[in-house]
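Enquirer: Can you keep this structure in mind? I'll have questions shortly.
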Amino acid sequence: MLRHYFQGREIRVDTNQPLRKIIHKPDISGRLVNWVVELSQFNLSFIPRTAIKAQALADLIIECNFPEEEPEPINMDPEIEQNACPGAWTLKVDGSSTSKRSGVGLILKSPEGFTIQTAISFGFPVTNNQAEYEALIAGLKLSRTLRVQDLKIYSDSQIVVKQTNGEYMEKDPILAKYQALVQSYLPSIPNHQVLQICREENEEGDILSKLVRNSSDLDCSVYFEELHKPSIESGEVLEIESNQNWMTPFINYLEKGELPEDKGKA
C-alpha cells in the first residue's frame, strides 16, 4: 500500500544485526533470494545501532523512579502556604457514575509540562459523590508518591471541594469516611489548594472518567487501572492468638535467649 512512498525515499535501518552482509552475500540461495529481490527495489541504508548514552538513561530513571516510602510532612511558613508559587503542580480530577459505566480520571501536570493521565474503572457500585472522592484520593496518592510539595487541585464537584476546605459538614457517613481519608493525605503535600472549576474547564478529566480511549484530546499515554473495592475499606486483619503453642519456646530463645525446660528431669 505504501510501496510508492518508500520507493521514492531513502530508508535508513538502525540495526545491530549484520543484515547488509547477509543481503549482499554472493552465495545466497533459497528463500533468502526471494527476500533480496523484494528488497532490491528500495534504497536501503543500514546504520549500526549505537548504545544509549548514559546521561539519557539516567534522566529516564530519575523521571520514572517513584519512591515507595511515604514522604514525611514538611513544616512550611504560613505565608508560603497561603499563596501557591507559579511553579506549582496542577491536578485535575473528575468522577463519573452511570448505569453503564463508572470511573474516575485524573491529570497531574508538573511545572515543566510533564503530564500523567490516569483513568480508573470501578469494580463496585458508587454514587457520583463517591466517584468524585475516589478521583481526589487517587490524585493525592499519586502526588504523594511523586513527593509533590506544591499542588493546586481542581475539581468540578462542589461537595468535595467545600467539604475538603471545611465549608460544608459531612452528613453522609460514607462521605465522612472519604473526607477523613483525604485529610490524612493532605499533610504530605505542605503547600496545597483545593479549588472548584466548572465542568467545561475539566473536559479532559471528564473524558478520562468515562474511559474514552484514543481520544484526539489526549496528547500523551494514558494509564488505565481498575479499583476492586472502595478506598475507605481497609484490608482484612487476621487476629493472632497470644496463647502459648509449640512455637513459644523457639520464640523465647530467639528473642530472650531463654532455653526450654527439660521435661525429662524429675
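The values are calculated or read from the model by the stated rules, or taken from the named source; none is laboratory data. Everything numeric here is computed off the predicted structure, so don't read it as measured data. Note that each Cβ is placed from the backbone with ideal geometry, even for glycine, and that neighbours are counted across all protein chains shown.
Enquirer: Can you tell me which condition Val237 does not meet? The list is (1) farther than 24 Å from Lys109 by Cβ; (2) surrounded by 12 or more Cβ atoms within 10 Å (Cβ to Cβ); (3) modelled with pLDDT under 85, and all the others hold.
Expert: (2)
Enquirer: Just name the residue that is nearest to the chain's Cα centre (by Cα) out of those in region 157-175 that are of a type outside the set (A, V, I, L, M) and part of a loop (DSSP other than H, G, I, E, B).
Expert: Of everything passing the filter in region 157-175, Ser157 is nearest to the chain's Cα centre (by Cα).
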